[in-house]
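Below is one structure, written out as structure tokens; comments come after it.
Here, each number is a calculation from the coordinates, and none is a lab measurement. None of these values were measured; they are calculated from a predicted model. No Cβ is skipped: glycine too gets one built from the backbone with ideal geometry, and neighbour counts run over all protein chains shown.
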Amino acid sequence: MQNDVVKPPVENQPAPVGPQPEPKPIQDIAKPAEPQATEPAPSETQAQPEGDASPEPGAPNQAEPEAPQEPMTKSSLPKGIIAVAGVVCVALIGAVLYLTVSGPEEAQTPAPAVQKNISIEDVKAAADGADTLPEADADLSPELTDQSLGL
Amino acid sequence: MKTGIFTVAVLTLSLSFGGLAGAQAPAATDIKTRTEERKTRLKIKLDAAATQRLSGKCVAAQAKLKVVAAKLRETNDKYLPKYDEFIQKAEKLELSLSEDGVKSSELLGQIGEAKTKYDTVKTAAAKLQTSLDDASSMDCKADPAGFKAAVDDARVEAKLLTDAKQDLTKFARTNIKTTLQAIKVN
């Protein structure tokens, strides 16, 4: 159905004189620049260096890219990454060495008797709590004698 | 797999309900059993004269025993929590000291010893309470020997309770307090 709309009318037009270009299919009209994979357009760029797997058929006279420039761009990025990684590694090694050396010194520092969890008042209150305990409260033995019970 | 899970679930439910039923069941040693146990343990044997004397006076004595039992219950409710509170405070302090990196193994050992002494106090208090309640509530005219056994048992338990309380109080005031004061000085 779509082909009927797009195709130019043939019946009411005069016959063209001389060789006429074949009407392109709809795919070719919609995508004129996309090359066909099965039919690469012949051009002079077929003599490109090996390794270029995607020749652009639409630009037959395009000049070949300068070979030295692209390797320069690619190699500059890894060098930057290597430099940053090196700085990070040095920083990490330094941090590990610092912690290794300074850690034991901190551990050997004697902790004070009273720190964040308790206070002097807490210890004093606990010690004074012993004084609140009953002395010899309610010794019931005297109340359980035969005389007290009237036996 | 499903059968195994079902079996475990049924077992768990059975144990749960079994435990609840056991907790709700009456104590095996009721007053009669305890009375017979006391008479055997204390070797209570009354002659006719002693039986007659006790049968005539025990009811009046039971009124006095009820007063003593109430006094003991009040004293236990008032003072036993003080021991518990003191031990718990010392435990909390020891935990805080440990978290702060302060070694307090001596305090830890003393707290353990205080707990044992406190258990002795609680046991003696409970036994005394039971003896007093039994002596004051039993049918003493029908069983004067059982009444005498309960009173004698109460006398023994009262002495044990007094000694246990004094022991715990002395231990707390000397050992634990001294250890705490040493921590304070440091």
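The figures follow:
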{"item": "Karplus-derived 3J(HN,Hα), 6.51/-1.76/1.60, for each residue of the range B:154-170, Hz, glycine and proline x", "result": "5, 5, 5, 5, 5, 5, 4, 5, 4, 5, 5, 5, 4, 4, 5, 4, 5"}
{"item": "For B:43, B:148, A:124, B:64, order by how many other beta-carbon atoms lie within 10 Å, fewest first", "result": "B:43, A:124, B:64, B:148"}
{"item": "Selection from B:75, B:118, B:88 lying farthest towards where the dipole of the range B:45-125 points positive, charges on Cβ", "result": "B:75"}
{"item": "For the range B:89-186: relative contact order, % (alpha-carbon pairs under 8 angstrom, 6 or more apart)", "result": "34 percent"}
